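Comments concern the structure below.
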Amino acid sequence: ERGSPVSGSVFLIALSFAWWQVAFSCMRVASDQQVALFWASAAYLSVPFVPTSIFSFCVAVLGTTPRRHWVLVTSWAFSALFASLILLSHTLIRLAETFWWGIHPKDWWLNAAYFMFYFALLGVTIGDYWVAYRQARPGSRRQKQIRLFMLASACAYVGAIEFVAKYAEPLYVFSYLPTFCFLGLSTYALWRYRLVDLTPSVAANQVIATMTDALIVVDPEGVIQVVNPAACAIFGYRASELLGQPVARLAKTDLDGPMG
């Protein structure tokens, strides 16, 4: 799946989460307020992309890109806007305050616009998963897969606990825990239920690979183009040794093993 929309969105999620958590870790152990504000601003360059990358992953695994195209484009535009505000101005973070667990930023109320964006986009993500879950065949691998992704996205909502400390109560910020839960559940779902598109070529290769009867396909020139594991076992060759070779080569083969 390398280079697919699914793998690309997983990479973006991991990158935004890692940037956010590493920068916040540096902020909490900073030596003074200015250093803490620097790391807080660095973290906020990636934070706006967290809900967008999660939504991009949802669109990729559900195959709803055409239907959600403009929502996807708009979400990336808003994420870039919020990141630009952090980079070019001080309209989102006003100071860093020291709590018993470390330093944490206090936000301007303008940041409420980002919170609305965060909750709205995650709401759309979970809603899309729920619709797909209801449409999937009960008990199928697809339904189980979607259920795990939906649960992982719900964990991302819990990460919003850090917003409380930004405005009011000195509540201990444990957003790293739901972050790890999201990554853990998503990774397990990717490993447990492979997200390979079932195209005709994929289906044909799966059928050929699992056949118990030997299968060899040659072109009009007698060159081997397809060979399955059963045929390789009978003739004692690896597939790489047969593909592209003339089929006449097999006429000289001892069925107990390849001849030199």
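Table for the structure above
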| item | result |
| --- | --- |
| Any hit, the stretch 90-109, residues being open to solvent by less than 10 Å² (accessible area, probe 1.4 Å), more than 23 Å from residue 151 (Cβ to Cβ) and at pLDDT 75 or above | no |
| Top-ranked residue of the stretch 63-78 - restricted to ones that are at pLDDT 90 or above and not β-branched (Val, Ile, Thr), ranked as surrounded by the fewest Cβ atoms within 10 Å (Cβ to Cβ) | 70 |
| Test: residue in the stretch 195-204 that is under 21 Å from residue 61 (Cα atoms), surrounded by 14 or more Cβ atoms within 10 Å (Cβ to Cβ) and at pLDDT below 85 | yes |
| Of all residues making up the stretch 218-229, the number that are closer than 13 Å to residue 248 by Cα and open to solvent by less than 60 Å² (accessible area, probe 1.4 Å) | 4 |
| Residues located in the stretch 1-44, provided they are within 20 Å of the chain's Cα centre (by Cα), open to solvent by 50 Å² or more (accessible area, probe 1.4 Å) and over 16 Å from residue 183 (Cα atoms) | 1, 2, 3, 5 |
| Count of the stretch 110-139 residues which are closer than 14 Å to residue 67 by Cβ and charged (D, E, K, R) | 1 |
| Options 81, 122: the member that is in contact with a Pro (Cβ under 6 Å, 6 or more places away or on another chain), modelled with pLDDT of 85 or more and not charged (D, E, K, R) | 122 |
| Set 134, 141: member being over 19 Å from residue 44 (Cα atoms), modelled with pLDDT of 90 or more and either more than 17 Å from the chain's Cα centre (by Cα) or of a type in the set (A, V, I, L, M) (or both) | 134 |
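The values are calculated or read from the model by the stated rules, or taken from the named source; none is laboratory data. None of these values were measured; they are calculated from a predicted model. Positions of Cβ are backbone-derived with ideal geometry, glycine not excepted, and every protein chain shown enters the neighbour counts. Keep in mind that these areas ignore ligands, DNA and RNA; they rest on the heavy atoms of the full protein, side chains included. Shrake-Rupley method; radii C 1.70, N 1.55, O 1.52, S 1.80 Å.
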